[in-house]
Amino acid sequence: MSAVSASRIADTPEEWEVTATSTPFQGAKTGVRTDHVVMPDGVAASRDYQTHPGSVAVLALDDQDHVLVLSQYRHPVREKLWEIPAGLLDVPGENPLAAAQRELYEEAHVRAEDWRVLVDVYTTPGGSDEAVRIFLARRLSEAEGARFEVSGEEADMELARVPMEELVRGALAGQLHNNCLVVGCLALSAALSSGGGLGALRPAQAPWPARPFDPM
């Protein structure tokens, strides 16, 4: 194993040859695809994965450095998880900032005046093509107008504002498991401790190669 220059530690686009593909299942938003991919040894291997439109999540930080979180039942894992507001991109090419603003309004009835890109992640790249952009939202206030009418799992949501340090401790202690909450809080903690601070974060309309969009 050789040492790698720090300048080379960046993900790069690459696409191996696909000799055949099929879609055993396609739902309203996500599906399952099977690709036969040619490996470096020349042999094609079958790979099944979830196709996903992409998601956004919002780490909303108030003036007291409390993070807006919500508790929601997640049936696949049979747990009620503490999360940050998040949701799917509704249509291909949707502006992720607009989607994030929508989710913050619908799930928490909150708006924010200051938006930055906190971090971009692939949730489970070994089994899904889902890409998530996590935003940092600040200068929060209650949204105007009627609250969004929720249903399903969202009808049972509990909202809270929790100190960021408490969420970081909970994540490291194995008490919090939602990926967007954990990644978002750890990324925010790292950004605050870095030399550039929050001012070094990317602007809200920064390019997102995983889900290209037209800036607003």
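Every residue, every condition in (1) in a loop (DSSP other than H, G, I, E, B); (2) under 16 Å from the mean Cα position of the chain (by Cα); (3) surrounded by 16 or more Cβ atoms within 10 Å (Cβ to Cβ); (4) not assigned by TED's automatic domain parsing to the domain that holds Trp115, yes or no:
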position: Ser22; (1), (2), (3), (4): no, no, no, yes
position: Ala28; (1), (2), (3), (4): yes, no, no, yes
position: Val37; (1), (2), (3), (4): no, no, yes, yes
position: Pro40; (1), (2), (3), (4): yes, no, no, yes
position: Ala60; (1), (2), (3), (4): no, yes, yes, no
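Taking interchain pairs and intrachain pairs at least six residues apart, which have beta carbon atoms under 7 angstrom, with the first residue in region 29-47 and free of Cβ contacts under 8 Å to residues at least 60 places away in the same chain and closer than 24 Å to Pro92 by Cβ and the second among the small types (Gly, Ala, Ser) and outside any loop (DSSP other than H, G, I, E, B)?
Close Cβ pairs (under 7 Å, with a partner that is among the small types (Gly, Ala, Ser) and outside any loop (DSSP other than H, G, I, E, B)) amount to Thr34/Ser22; Thr34/Ser46; Val37/Ala44; Val37/Ala45.
Taking region 191-208, which residues are under 14 Å from Leu59 (Cα atoms), at pLDDT 95 or above and not in a loop (DSSP other than H, G, I, E, B)?
Of everything in region 191-208, just one residue is under 14 Å from Leu59 (Cα atoms), at pLDDT 95 or above and not in a loop (DSSP other than H, G, I, E, B), namely Ala191.
Kindly provide the set of residues from region 173-190 that are part of a helix (DSSP H, G or I) and either surrounded by 12 or more Cβ atoms within 10 Å (Cβ to Cβ) or of a type in the set (Val, Ile, Thr) (or both), ordered by number.
Within region 173-190, Asn179, Cys180, Leu181, Val182, Val183, Gly184, Cys185, Leu186, Ala187, Leu188, Ser189 qualify.
The values are calculated or read from the model by the stated rules, or taken from the named source; none is laboratory data. Quick caveat: nothing in here was measured; it's all calculated off a predicted structure. Positions of Cβ are backbone-derived with ideal geometry, glycine not excepted, and every protein chain shown enters the neighbour counts.
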